[in-house]
Structures are given as structure tokens and as C-alpha cells.
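Novice: Let me begin by handing over the structure; questions about it come next.
Values in this text are rule-based calculations from the coordinates and carry no lab data. Small disclaimer: the values here were computed from a predicted structure and weren't measured. With ideal geometry, Cβ positions are generated from the backbone for all residues, glycine too; neighbour counts draw on all protein chains shown.
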Amino acid sequence: MRLPVMPPVAPMLARAVPSIPEGAMLYEPKWDGFRAIIFRDGDEVEIGSRNERPMTRYFPEVVEAVKQHLPQRCVVDGELVVVVGDRLEFEVLQQRIHPAASRIALLSRQTPARLVVFDLLALDDRDCTGLPLQERRALLEEALADAAEPVHLTPATRDPALAAQWFKQFEGAGLDGVVAKPLSGTYQPDKRVMFKIKHARTADCVVAGYRTYKGDEESIGSLLLGLYDEEGALASVGVVGAFPAARRRELFAELQPLVTTFDDHPWAWAAPADGVRTPRSSEGSRWNNGKDLSFVPLRPELVVEVRYEHMEGARFRHTAQFNRWRPDRDPRTCTYAQLEEPVGYDLADIFR
């Protein structure tokens, strides 16, 4: 099903900038979920991902909510999110991408997803992508005037000072930053014409292993990072990668003296009793059955400073970025205590 006036649509994208831009902008919270284009034609609903892949089967509760709260014929751009307590939980949202229909049905009841709408691409037989954002926003507000949970219209403001306040406050509810959109801009699929401002922090992490670069067994693809928890156990927190080609091979040679076996390594095959996944127990990706996530263990003696945006539970939400080596740092001092904790914020206030 496609609305007659709409071809398949890729989402409009944003490029990262270091600070909130001023000018004729509309500012919105940056939601931390699955980007989705929603097509509705009466009782027919399709949910497409950022990569234009179908996600409809994974979110049956969202399909029903769309039928209740969106106009009869429309295409909207938004974000699928899951709320646990008073914050967004991306890891819980990821669990919805599952092959078993019974599992999807269970999770749709236990941790139902919500749809946060922030743009209007078509309404009835009208293609709205050529309209400036300020007109699309007005039409969207009118179209969703009677919408109710679990469908939400994203908050928006033209005040950069308020956007800066949101940037600080909303992180405590699990949001990802702020997006700035030119008010005069049309909807341009797959073009980076918006601006995103995301949180950036640094942390000193233990290097506990590496994965080789695809197609080159003597080149580093990524380093596995760890932090010590309150019990003194080395927890897996994420990876750092994106090294230049020449540096990848140099780094491979530099790390060889630290290569060890799994006999004394903290990340063994089996997951702990509480079911938490470890790098060693996750060598087969649940998102890509053909992807090899095996790694080479290293003695935890090397410390690296990385840049990260925010935490998702006990791990970095996104791949960390290399900052510098820390030969002066004792690996045992690399604990969670160094991480900055955002002040909590009630999601209900944002949705209101």
C-alpha cells in the first residue's frame, strides 16, 4: 500500500553541529528510538524504517494506535520509542526486532511502543513535502489535535534559549539531544538538511580486546572497552573504532604483546546468571545472523580516553570515538564513578 501521491520515502536526515544554531529555526527534542515513516490508508498501515525496510510486523500495537489517532489518509515521519518508568529505553526497544510472532505479541503488551510524530509528508491526496516546515508543522498540529497516548506530537519551539534548556533537561529522560530545522525548508528525503546537537563526554576505559578489520586479519577494526563496576568486575561498555587505514595495521602490531587467552580473561563464554550478554557470549549477532563478532582477548593493561554521547544502561549508546591514549592511568581506576550522570527528568512532562 502506498498513498497515490507518495513514492517510497526515505527520511530527511541531519548533520551534527557542535552548538545549537540560531536563526529562523524550529527546535525539537532528539528522540532515541527507531526512526519510522508511517503510511496510512484507512485500515491499511505500513511502518518503514530509516532504511526503508518494513517494520510493521514488529509493532502491532502501533498499527492499532495509528488507526485510532492518525488521519485516514496520511504519511508522517516520526520515532518509535519505548518508555520504562520515566525514561526511554532503547535496549528494550531493540528486543522487538524478533523473528517469533509470539514473542513480538508478548512484548507489545509488556513494553508497548509509542509513536512520536514530528513531520507531515502527505495528507489525504496532498503531497506536503514541497511545503516549508512552518506550514507542515501547522498542518500536523491540526491533524493530531485529538491524538492521545500512545501517539504524541513532538514538542517544538522557535526559542533557542528554550532549546538549550531542553538539551540539558531532557537527557535525564533518555533523550538524545536537540534537532534544529530551518522553518523555510522543504522535506528532502535522504538529505542532511537538518542539524543535530548531541551530548559529548569523555571517559577513560580499559582496552580488553579487539576485532580485526574486515578482510584484513592483521588490521584493527575496533577495540572492546571495559569499566570496573562496584564489585570490581570488568564490565563491557562498548567499542571504539574508525581508525585510519595505516593506523589500523600499526595498532595491530602494538597490541600483540597484550594478547592472552580466555582462561583468565573476565569475559568468558557463558553469560552471567542474570542473563546479561557479554562480548564472548555475543559472538553471534542477534541482529545479523551472518555477522562474526568474535574477538581477540587482551590483558586489561591499556587505557584509552574516548568520547561518548550518553549511556544506555551500563553501556555506551553508540560507538565511542577515540580521543587519546592514557599511559598515565591505572586500569583499575577506570570505573563507572567517573561518568557524568544526567539529572532525572519525567518523560510525562515532555509528552504533555
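Novice: Taking amide H positions as placed 1.01 Å from N in the peptide plane, with prolines and chain starts having none, which residues 5 or more places from H265, or on another chain, fall under 5 Å of its amide H?
Specialist: Here the answer is none, since no amide H 5 or more places off falls under 5 Å of that of H265.
Novice: Another question, then. If the only charges are +1 at each Lys and Arg Cβ and -1 at each Asp and Glu Cβ, what is the size of the charge dipole of the chain around the Cα centre, to the nearest 20 debye? Please list the in-between numbers first.
Specialist: Numbers: 44 positive and 52 negative charges, 159 e Å.
So the magnitude is around 760 debye.
Novice: Where the centroid of each part is defined by its Cα atoms, how far is the range 61-135 from the range 163-226 in Å?
Specialist: Value for the Cα centre distance between the two parts: 22 Å.
Novice: Mind checking the dipole of the range 1-155: about its Cα centre, +1 per Lys or Arg Cβ, -1 per Asp or Glu Cβ, Debye to the nearest 20? Please list the in-between numbers first.
Specialist: Numbers: 18 positive and 24 negative charges, 113 e Å.
For this selection, approximately 540 debye.
Novice: Continuing with this model, one more query. Which of rounded, prolate, oblate describes the range 13-198, given a ≥ b ≥ c as roots of the alpha-carbon gyration tensor eigenvalues and a/c under 1.5 marking rounded, otherwise prolate only if a/b is larger than b/c?
Specialist: Details: a/c = 1.84, a/b = 1.25, b/c = 1.47.
The shape class here is oblate.
Novice: Something else about it: Using a Förster distance of 35 angstrom, determine the FRET efficiency expected from the C-beta separation of T157 and V296, and round it to 0.05. Don't skip to the answer; put the middle values down first.
Specialist: On the way: r = 49 Å, r/R0 = 1.39.
Calculated transfer efficiency: 0.10.
Novice: Moving on. Among all the lysines, which ones have a C-alpha under 27 Å from K214's C-alpha, if same-chain residues fewer than 8 places away are not counted?
Specialist: Here the lysines satisfying the reach criterion relative to K214 are K291.
Novice: Could you work out the Rg to Rh ratio of the chain, with Rh taken as the Kirkwood radius (inverse of the mean 1/r over all Cα pairs)?
Specialist: Values: Rg = 22.1 Å, Rh = 22.2 Å.
Taking Rg over the Kirkwood Rh, I get 1.00.
Novice: Let me ask another. Which order do the peptides 245-253, 21-29, 123-131 come out in when sorted by mean C-beta neighbours inside 10 angstrom, highest first? Before the final figure, lay out each step's value.
Specialist: Working: 245-253: 13.9, 21-29: 17.9, 123-131: 16.2.
For the peptides 245-253, 21-29, 123-131, the packing ranking is 21-29, 123-131, 245-253.
Novice: Sticking with this structure for a sec: In whole Hz and in residue order, list the ³J(HN,Hα) couplings for the range 197-210 that follow from phi through the Karplus curve 6.51 cos²θ - 1.76 cosθ + 1.60, θ = phi - 60°; x for Gly and Pro.
Specialist: 10, 10, 6, 9, 9, 10, 8, 8, 10, 7, 8, 10, x, 8
Novice: Using modelled amide H (1.01 Å from N, peptide plane; none on Pro or chain starts), what sits under 5 Å from the amide H of Y213, excluding residues fewer than 5 places away?
Specialist: Counting only residues 5 or more places away or on other chains, the set is S219, I220, G221.
Novice: V237's amide H: which non-local residues (gap 5+, or another chain) put their own amide H closer than 5 Å, with H modeled 1.01 Å from N in plane and none for Pro or chain starts?
Specialist: L225, G226, L227
Novice: Spin-label point model (7 Å from Cα, Cβ direction): what's the R53 to T186 distance in nm?
Specialist: 3.1
Novice: Can you give the convex hull volume per residue for the Cα atoms of the range 194-261, as a whole number of Å³?
Specialist: Numbers: hull volume 9.5 nm³, N = 68.
Convex hull volume per residue, Cα atoms: 140 Å³.
Novice: Tilt of helix 133-143 relative to the longest C-alpha principal axis of the chain, in degrees (0 to 90, nearest 10)?
Specialist: The angle comes out near 70 degrees.
Novice: Among the listed pairs K168/K198; K30/K67; K30/K198; K30/K196, which have their C-alpha atoms separated by more than 19 angstrom in this model? Could the numbers behind the result be given before it?
Specialist: On the way: K168/K198 10 Å; K30/K67 25 Å; K30/K198 8 Å; K30/K196 8 Å.
In this structure, K30/K67 exceed 19 Å between Cα atoms.
Novice: Another question about this same structure. For the range 165-172, just list the computed ³J(HN,Hα) in residue order, Karplus coefficients 6.51, -1.76 and 1.60, θ = phi - 60°, integers in Hz, with x standing in for Gly and Pro.
Specialist: 5, 4, 4, 7, 6, 6, 4, x
Novice: At 222 nm, what helix-only mean residue ellipticity would the chain give, in deg cm²/dmol to the nearest 500, using -39500 (n - 2.57) for each DSSP H run of four or more?
Specialist: Values: 7 runs with 62 residues, N = 352.
Rounded to the nearest 500, it is -5000 deg cm²/dmol.
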